[in-house]
Structure formats: structure tokens, C-alpha cells
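The values are calculated or read from the model by the stated rules, or taken from the named source; none is laboratory data. Since the model is a prediction, treat every value here as computed from it, not as a measurement. FYI the Cβ positions are ideal-geometry reconstructions off the backbone, even for glycines, and counts take in every protein chain you see.
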Amino acid sequence: MSPDILFQFSSPLALFGWAALLAAPLAPALADRVAGLVVPALLSVAYAALILAFWWDAPGGFDSLAAVQALFTDPRIALAGWLHYLAFDLLVGAWEVRTARREGFPYLLLVPCLVLTFLFGPAGFLAFLGLRLARRATRPMEATR
Amino acid sequence: MTAALAIRPAATPFDAEPRFAAAGLGFALSLAVTLAAAAIDPRLFQGDNIWLKPIKFQIALTIFFLTLAFFARWLPAGMTERRAWRVFASLVVAATVAEMTWIAGAAMAGTASHFNQETPLAANLYRLMGGLAVFFTSATLVMGVAIWRDRASPLPPALRLAVGLGLVLTFALTLPTAGTLSQMPGHFVGTPVTGAALPVFGWSREVGDLRTAHFLATHAMHFLPLAGLAAVLALPGRLAKPAVWLAATGYVALVAWAFTTALAGLPLIA
């Protein structure tokens, strides 16, 4: 199986996970399982397989920006890096959904955070943390856990 | 207590030694990654997909640990709770994890694990892993002797003998066959090797292949208990034990034949 085919499978898989998160109010347990477990696990299997198969002969390394760039010139390692994004961004999204549910964080505020996490991972995470902090700070009477 | 029990899965036949059961399950689960790697990695090693060997070892270790976990219920009462046993069992699992890491690491690097003398590091690792292999296989010896000698065992005497003897023979037969195999330059004896091999196992059909003897030796712990079970079920009580001894003798002879045939450079199945 070539990296291109794997790439074509991985994007719909991740999108499926994000769709489950958006639909989480309808089926919370299912969304947790799909986006917080099954899809990231499948992406991780593909990631681990790519690393086992192609890491050894890959150029570059971790010790300088140029080395990291060289690493990603190998399409198979770039695909592994892409799967890494997909898997971990989705896990962060699933964590946001679980945390929002537990803390009564409004769905309408959560959705933009999820969209941002989907597109720009850490920026969405930061948005969620910021909104959560602001909401907590301005509603001191509410029980916070 | 009840809550803790409620979240546990139903009792399995492997509960008597949870470390071995978990190790067996863990090696089985790890197949997901190596099977996926085999599907995407175009590299070959000696004509086969480079991940075939790690996959074979993962399957073998899964069977090894689930077998030991299954037999562990017949260890003498209290043995698995003893500290020495717990340390030993943990070290056995650790040794197999090291072994598997070495084999998968060599596949990752596209080089040989066993028989690798290319660099001092590779040669030293090979030697170290040989020692670890003897150590983790000794779990069969320890368990076999303990089950064999347990007079309070609930097993019928002939079956107890068969389980104990099978485990002991796994160690006693694997040591010389695998030990000799490890001292050769490779698992084939003789030429020419053009690639004719048995399906699934990959044993040569044209020259001697020492892996067959290793395979048979290591599976004594499966063959003899099954022979013992058959003897207990089918034969009158006083014949069961002699039948087990006979089966054991026959099996040792089979291993010896496979071993000497391979050493002579001949295939067992042409």
C-alpha cells in the first residue's frame, strides 16, 4: 500500500471522528468512543507502521529546524507526521467535548473551539482554555470541578 | 470490592498467572502494528517481507504465554503468590519484550537479528538475546518441575505427568536444538538454497532446516499434555502413565530425527 492511498483513507477517517464530536450532544458515549478512542487508535496503528517501515532510512532528524525539514521531505515520513496531527488533534477535540460536558460549558461556545482545533490544533486548544477560564472567572458562584 | 469485580471481564482460562496472560494478549495486540507495517513496507529480507519474522515471533510468544498462563492453574497452591515467583515471571516477560524489541528493531533497520555478526554491537546483541532466550524458556522448566512434583495436584496422575514432562521437555529439547541452531551461520544446512519452502512455516524443502527441530522441541508442551489427555480419556488407569512415557519417548525420537536430518543437510519434507 502506497503512502498516497493511506493518505486518502486517513482524511475521511479523521473527518468521521470530528463529525462524531459535533454530534456529541446527540450521542455522547458514542462520540467519546469514536473520537476519543477508535479513530485515534486506527490512525496510531498506521502511524506506528509507517515509523517501523520507513523511519530508519529517512533523512534528517530532530536536532535542528533544517533537520526536521529534511525529515519531512520524505513523503512517507510526512504522511506519518500528518497522521500524528490528525490523531492528536482529534484527541484534544474529544477532551474538549468531555470537559465541556462535565463543566456545563455551552455547546455554542464549544463548536468554534472544535472548528479551530480541527484546522489549527493548538490555536483551538488555546481558544477552549481561554473561553473556559473567562467563563469560570466571571461565574464564581458555579461549582467548578 | 464488588465494584472492582464488576468491571473485570468474565473469568478466563488464563487467570491463574495474569502476567503471562497479559503478555500473551499484549503480543497478540502488537500484531496490529507489524501487520500494518508488512502491508506498507516493500523491503524484503532473504526473499520474504521484512516483517514476516517479527510477526512469526509475536505469534509464537502469544502462544507461549497463553499456554503458560493456562497451565499455571495447576502450579502448586500458593506458588504464584510467592514473591520469588512474581519476580521471576516479571523478568521472563521483560526478557521476551527485550527479545521482541531486538527482532522488530532489526527489521526496522533492515538488517538481521539472529546470526548477525556484521558489527561488534550486532554480534554482542545476538549473544545477549541468546542468553535471554534461554532464561525466558526456563519458565517452562520451572513450571514443569513444579507441576510434576505436586502430589496435591487435582490432575489425574498421568495427565499431571504429561503436563509436567511436556513443559520440562520444551526446555530440555529447545536448549540443544535452538542452541545448535544459534551457533550455525544460518538456519539452513547445505546447498543449493533456491527458495523451495513449505507454506506458512517457510521451512526448506531442499536442504536441512534446523528451525523444524526447534519448532517441534518447543511444542513438546502442547503435544505431550494432549497425548496425556488422550491417554487418560481412552486408556484404563494403569496404562495411562506408561502411555505418556511412551509418547514422550516417541516425541524425543521425532525431535532427534528432525535435528539429525537437518544437520545432515536433508529436508524433512521434500
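Here are the numbers for this structure:
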{"read-out": "Condition met for B:Ala23 (surrounded by fewer than 19 Cβ atoms within 10 Å (Cβ to Cβ) and either away from every other protein chain (no Cβ under 14 Å) or polar (S, T, N, Q) (or both))", "value": "no"}
{"read-out": "Subset of the stretch A:78-136 that is of a type in the set (Lys, Arg) and surrounded by 15 or more Cβ atoms within 10 Å (Cβ to Cβ) - its residue that is farthest from the chain's Cα centre (by Cα)", "value": "A:Arg135"}
{"read-out": "Residue in the stretch B:105-117 that is touching a residue at least 24 places away in the same chain (Cβ under 8 Å), over 22 Å from B:Gly179 (Cα atoms), in contact with a Lys or Arg (Cβ under 9 Å, 6 or more places away or on another chain) and assigned by TED's automatic domain parsing to the domain that holds B:Ala32 present", "value": "yes"}
{"read-out": "Search result, residues across the stretch B:76-104 that are in contact (Cβ under 8 Å) with a residue 40 or more places away in the chain and either among the hydroxyl-bearing types (Ser, Thr, Tyr) or touching a strand residue (DSSP E or B) at 6+ places or on another chain (Cβ under 6 Å) (or both)", "value": "B:Thr80, B:Ser90, B:Thr96"}
{"read-out": "Test for B:Pro42: is it assigned to a loop (DSSP other than H, G, I, E, B) and either of a type in the set (Val, Ile, Thr) or within 22 Å of B:Val163 (Cα to Cα) (or both)", "value": "no"}
{"read-out": "Selected residue [outside the structural domain of B:Ile63 (by TED's automatic domain parsing), out of contact with any helix residue (DSSP H, G or I) (no Cβ under 9 Å at 6 or more places or on another chain) and either at positive phi or outside any helix (DSSP H, G or I) (or both)] from B:Ala270, B:Ala253", "value": "B:Ala270"}
{"read-out": "Selection count where residues are away from every other protein chain (no Cβ under 12 Å) and within 17 Å of A:Ala41 (Cα to Cα), scope the stretch A:1-18", "value": "9"}
{"read-out": "Residue match in the stretch B:218-233 (condition: part of a loop (DSSP other than H, G, I, E, B) and either more than 28 Å from B:Arg160 (Cβ to Cβ) or among the polar types (S, T, N, Q) (or both))", "value": "no"}
{"read-out": "Residue in the stretch B:220-229 that is over 19 Å from B:Phe70 (Cα atoms), out of contact with any strand residue (DSSP E or B) (no Cβ under 8 Å at 6 or more places or on another chain) and touching a residue at least 60 places away in the same chain (Cβ under 8 Å) present", "value": "no"}
{"read-out": "Residues satisfying the stated conditions in the stretch B:39-51, i.e. over 11 Å from B:Ala104 (Cβ atoms) and within 8 Å of chain A (Cβ to nearest Cβ)", "value": "B:Ala39, B:Ile40, B:Asp41, B:Arg43"}
{"read-out": "Residue identified as aromatic (Phe, Trp, Tyr) and within 24 Å of B:Phe71 (Cα to Cα) among B:Phe188, B:Phe201, B:Phe259, B:Phe215", "value": "B:Phe215"}
{"read-out": "Evaluation of B:Arg151 against (1) touching a residue at least 24 places away in the same chain (Cβ under 8 Å); (2) more than 15 Å from the chain's Cα centre (by Cα) (one fails), failing number", "value": "(1)"}
{"read-out": "Residue that is charged (D, E, K, R) and either within 29 Å of B:Ile55 (Cα to Cα) or within 14 Å of chain B (Cβ to nearest Cβ) (or both), where the choices are A:Asp89, A:Asp74", "value": "A:Asp74"}
{"read-out": "Any hit, the stretch B:125-135, residues being assigned to a loop (DSSP other than H, G, I, E, B) and either without any contact (Cβ under 8 Å) to a residue 12 or more places away in the chain or within 14 Å of chain A (Cβ to nearest Cβ) (or both)", "value": "no"}
{"read-out": "Matching residues in the stretch B:168-208 - criterion: being in contact with a Leu (Cβ under 9 Å, 6 or more places away or on another chain), crowded, with 17+ Cβ neighbours inside 10 Å and among the polar types (S, T, N, Q)", "value": "B:Thr170, B:Thr177, B:Ser204"}
{"read-out": "Residues being within 14 Å of A:Tyr107 (Cβ to Cβ) and either in a helix (DSSP H, G or I) or free of Cβ contacts under 8 Å to residues at least 40 places away in the same chain (or both) - total across the stretch A:25-39", "value": "4"}
{"read-out": "Complete set of residues in the stretch B:162-190 that are without any contact (Cβ under 8 Å) to a residue 60 or more places away in the chain and among the β-branched types (Val, Ile, Thr)", "value": "B:Val168, B:Thr170, B:Thr174"}
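Each row is one residue, and each column tells you yes or no for (1) more than 9 Å from chain B (Cβ to nearest Cβ); (2) over 28 Å from B:Ile50 (Cβ atoms).
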residue	(1), (2)
A:Leu22	yes, yes
A:Leu37	yes, yes
A:Pro40	yes, no
A:Leu43	yes, no
A:Ala46	no, no
A:Leu52	no, no
A:Trp56	no, no
A:Gly60	yes, no
A:Asp63	yes, no
